[in-house]
Amino acid sequence: MAIIDGKLISLQIQDEIALEVNAIKEKGGKVPHLAAVIVGNDGASETYVGAKVKACDKIGFKSTLVKLEENTTEQELLHIVEGLNKDADIDGYIVQLPLPKHINEQKIVEAIDPKKDVDGFHPQNVGRMALNLPAYLPATPYGIMQLLERYKIDTAGKNCVVIGRSHIVGSPMSILMARNTVPGNCTVTMCHSRTKNLKEFTLNADIVIVALGKPEFVTADMLKDGVVVIDVGITRVPSDQTKSGFKLLGDVKYDEVAAKASYITPVPGGVGPMTIASLLMNTLKASKKEIYL
Ligand code: NAD
């Protein structure tokens, strides 16, 4: 069994991007510039956005944080988005979700210029991804594709089961794994809350990608020997074994599943750290105009 080390790969990618940024600077080129918009004071969102901005600074990108009050109106946010669309210095930007309830998230996502949509949530990018055209891929699925690629995991012709159909993980993951690409080219089955006899599907899978948010849901008896397991789930559960009083659990019962798997992502340290690397890769692509010519 081999552990897929997302922390290591994420740092490798960040080092690679930092080298490229240095080369751009030496040639007097334009430094990639990411902006992040956050509305309100949600603690988790502030942590995520803070980490993204910090990662930009570390690798030499320019970053701009736009922090707005909780009571910002939809109209005011649309105005900010319009300004970011027009700002020639900003290559890409994200609007951190979730937004306060009085703001229509879909309206905001659709107002973002697809050319600057480095989160890959705009319908134009989702459509381009489905058509196998150049697109900004959403961070978590893009990160998983990087892990499969960098660990040289053979995917062509394999049976892949994706558990979960959210717009940010399960659904794009099933599209990416089915595309005629490397990695990809799998026979994909997407399972969800209404799937009957889930075990029948998972027992037939060479690759299982789990994103449902139920700690230790997938157990060893559901899987065959040598399976590749990508565990996306992260749930905070109380623990008397840690100083903080909680620990993070994935959607997979790690110890027993690891004993059966050929490759597995741990939680934490597997898929999670890849999210930031993906965002930085998308921003670099935006600054190089690689997706939309
Ligand atoms: P979600 O709640 O939007 O979707 C969960 C999906 O699981 C749904 O599509 C549902 O149909 C499916 N599901 C629920 N019960 C099921 C069952 N019994 N059998 C089969 N399918 C079932 O979740 P999400 O946003 O995709 O997140 C899933 C998990 O991944 C969460 O723990 C989340 O915290 C984590 N996550 C991690 C990262 C990361 O960077 N590692 C990123 C995004 C999400």
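The values are calculated or read from the model by the stated rules, or taken from the named source; none is laboratory data. Model, not experiment: these values are computed from the prediction. Reconstructed Cβ throughout: ideal geometry from the backbone, glycine too, with neighbour counts over all protein chains shown. To get the accessible areas, we keep the full protein, side chains included, count just its heavy atoms, and leave off ligands, DNA and RNA. Shrake-Rupley method; radii C 1.70, N 1.55, O 1.52, S 1.80 Å.
With contacts taken as Cα pairs under 8 Å at a separation of at least 6 residues, segment 1-79 carries a relative contact order of 33 percent.
Counting only protein heavy atoms and a probe of 1.4 Å, the accessible surface of the chain is 54% carbon and sulfur.
Between the residues LEU78, PHE61, VAL95, the greatest Cα displacement towards the positive end of the dipole of segment 27-95, with unit charges on the Cβ of Lys, Arg, Asp and Glu, is found for PHE61.
Over every pair of different alpha-carbon atoms in segment 1-48, take the mean of 1/r and invert it; report that Kirkwood radius in Å. Could you put the intermediate results ahead of the total?
Values: mean 1/r = 0.0716 Å⁻¹.
Evaluated on segment 1-48, it is 14.0 Å.
Segment LYS199..ALA130, full-extension length gain: 22.1 nm, with 0.36 nm per residue of separation and the alpha-carbon distance subtracted.
Values of log10 I(q)/I(0) for segment 112-169 across q = 0.24 Å⁻¹ run -1.09, by the Debye formula with one identical scatterer at each alpha carbon and no solvent. Report, to the nearest 10°, how far helix 274-287 tilts away from the longest principal axis of the Cα atoms in the chain, using its own Cα long axis and a range of 0 to 90°. The helix 274-287 is inclined about 40 degrees to the chain.
Distance between the C-alpha centres of segment 111-151 and segment 1-58: 16 Å, rounded to the whole angstrom.
Comparing mean-square fluctuations of PHE61, PHE121, PHE217 from a GNM of the chain with C-alpha springs under 10 Å, the top value falls on PHE217.
Solvent exposure of segment 97-169 amounts to 46 Å² per residue of accessible area, where only protein heavy atoms count and the probe is 1.4 Å.
So for the chain, averaging the separation of alpha carbon pairs under 8 Å that are six or more residues apart and normalising by length, what relative contact order in percent results? List each step's numbers first, then the result.
Numbers: 562 pairs, mean separation 62.0, N = 293.
Relative contact order, the chain: 21 percent.
Rounding to the nearest 10 and keeping the result within 0 to 90°, find how far the Cα-based axis of helix 6-26 lies from the longest principal axis of the chain. Relative to the chain, helix 6-26 is tipped by roughly 30 degrees.
Remark on the chain: Rg and Dmax equal 19.4, 59 Å (Cα only). What the phi angles of segment 171-181 give under the Karplus curve with 6.51, -1.76 and 1.60, with θ = phi - 60°, is a coupling list of 5, x, 4, 5, 5, 5, 6, 8, 5, 7, 9 Hz, glycine and proline written as x.
The share of C-alpha pairs in segment 167-293 whose separation exceeds 21 Å stands at 48 percent. Between ARG150 and ASP240, full extension at 0.36 nm per residue minus the direct alpha carbon distance yields a gain of 28.8 nm. Taking each DSSP H run with n ≥ 4 as -39500 (n - 2.57) and averaging over every residue of the chain yields -11500 deg cm²/dmol at 222 nm. Of all the C-alpha pairs in segment 38-148, what % are more than 17 Å from each other? Pairs farther apart than 17 Å: 59 percent.
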